[in-house]
Structure formats: C-alpha cells, structure tokens
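Undergrad: Structure incoming, see below.
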C-alpha cells in the first residue's frame, strides 16, 4: 500500500473498512504508517550519529581504584545483571574520542542509577563537573541523595539544584 493511499484510508476510511482491523492495529494502512515512522526514526538517528562523529570528545580512561571503592561501599551488592552490561557499554563509549550517544533503559532496580553514578565518577576523576537531570523533582532529589551517600566515602561533594530554588 502506498503512503498516500494509507493516509487516505486512515483519515477517510471507506465504508467497506472493517473497524475491527483498525482496533487491533493490524490494518495494512496502519502497518504502512508504522513502517514509515520507524524508517524516519532510524534514518534520523543514523544522521545524528554520523554528525556526532565529526565532533571531538576527551576520552576518559578507566580509574578502577575509585570505582572499586564506590562499589565496595554500597549498601547493596550489584547483581551483575542489566546494570553491569550497560556499564560495560558506557565505559567503552567514555574511553572514545567522540561524544557518547546512549540511552540507558531498564526496569526499576536494574542498575540505571548506578550506571549514571559510575559514569559521573569517571568524569569527576578526570577533573570534570557533572550534572544529572531527571524528569521530576522528586526523582532528582532521590538521585542527589543516593549520589551524596555513595560519593561521601570518596570525599566527593554532591549538590542539588531544583527549579523551585531561588538561589
């Protein structure tokens, strides 16, 4: 089905169209639009990645001493599950001389915050300042508290800034 035909079908369905097909999302017109959106998204991501390769980033090498100190001081044992796999990818990307473009996604408790803390620690070790953004103020405060507790034994100060703060 062509794109114009799919758009016409969905915006002005013919009387013969079975409503059940649309409700399940299995109509060929819907599937064509899904394919178009996936293709557009993938092409735009390829263009972004290619564009990012033109820029230079400072490679941040490994410092296992502080990483091991942080991991040893945690009040829990990292499981080595999804978080460990993500950390290996992030660690590899941070050692490159091009900007990292990575989304860490996972269930609650899968290690996303720990991956962010390890990445922040690597940047801090190299003399960089780190800002971590969160979609809600509550989550930002939780992250700040976690980082404060995790980084305190390493002598690293953590601040918290929210939109509601005047200073």
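The numbers here are math on the coordinates, done by the rules we state, and not lab data. Quick caveat, the model's predicted, so the values are computed rather than measured. Note that we place each Cβ from the backbone using ideal geometry, even for glycine, and neighbour counts take in every protein chain shown.
Undergrad: Using the basic label-point model (7 angstrom from Cα toward the beta carbon), what is the residue 44 to residue 101 distance in nanometres?
TA: The modelled label-to-label distance comes out at 1.2 nm.
Undergrad: On C-alpha positions alone, give me the angle between the axis of helix 64-73 and the longest principal axis of the chain, in degrees, nearest 10.
TA: The answer is roughly 90 degrees.
Undergrad: Calculate the FRET efficiency for residue 36 and residue 89 from the Cβ-Cβ distance with a Förster distance of 35 Å, rounded to the nearest 0.05.
TA: According to the calculation, E is roughly 0.75.
Undergrad: Next up: For the chain, find the longest principal axis of its Cα atoms and tell me its angle to the long axis of helix 112-125, 0 to 90°, nearest 10.
TA: 50
Undergrad: Same structure again: At 7 Å along the Cα-to-beta-carbon direction for both residue 139 and residue 54, put a label point, then send me their distance in nm to one decimal.
TA: With each label placed 7 Å out from Cα toward Cβ, I get 3.2 nm.
Undergrad: Let me ask something else about it. Fewest Cβ neighbours within 10 Å first, please rank 128, 166 accordingly.
TA: The most exposed by this proxy come first: 166, 128.
Undergrad: What ranking do 73, 110, 61 get, fewest neighbouring Cβ atoms within 10 angstrom at the top?
TA: 61, 73, 110
Undergrad: Between residue 108 and residue 130, how many nm apart are label points set 7 Å from Cα along the C-beta direction?
TA: Rounded to a tenth, the inter-label distance reads 2.4 nm.
Undergrad: Over 22 Å, how big is the tail of the calculated P(r) for the chain, in percent of all Cα pairs? Kindly include the intermediate steps, with their values, before the conclusion.
TA: Values: 8410 of 13861 pairs.
Summing the P(r) of the chain above 22 Å gives 61 percent of all pairs.
Undergrad: Measure nothing fancy, just the Cα-based angle from helix 28-52's long axis to the longest principal axis of the chain, in degrees from 0 to 90, nearest 10.
TA: So the helix axis and the longest Cα principal axis differ by about 40 degrees.
Undergrad: Cα centroids of the stretch 119-165 and the stretch 19-69: how far apart, whole angstrom?
TA: Spelled out, the Cα-based centre of one part sits 27 Å from the other.
Undergrad: Mind listing the Cα extents of the stretch 64-154 along all three principal axes, in Å, largest one first?
TA: 33, 28, 27
Undergrad: Can you give the relative contact order of the stretch 57-159 as a percent, counting alpha carbon pairs under 8 Å and 6+ residues apart?
TA: Relative contact order here is 33 percent.
Undergrad: Using the beta-carbon distance between residue 123 and residue 77 and R0 = 30 Å, what value does 1/(1 + (r/R0)^6) give for FRET efficiency, to the nearest 0.05?
TA: E between residue 123 and residue 77, to the nearest 0.05, is 0.75.
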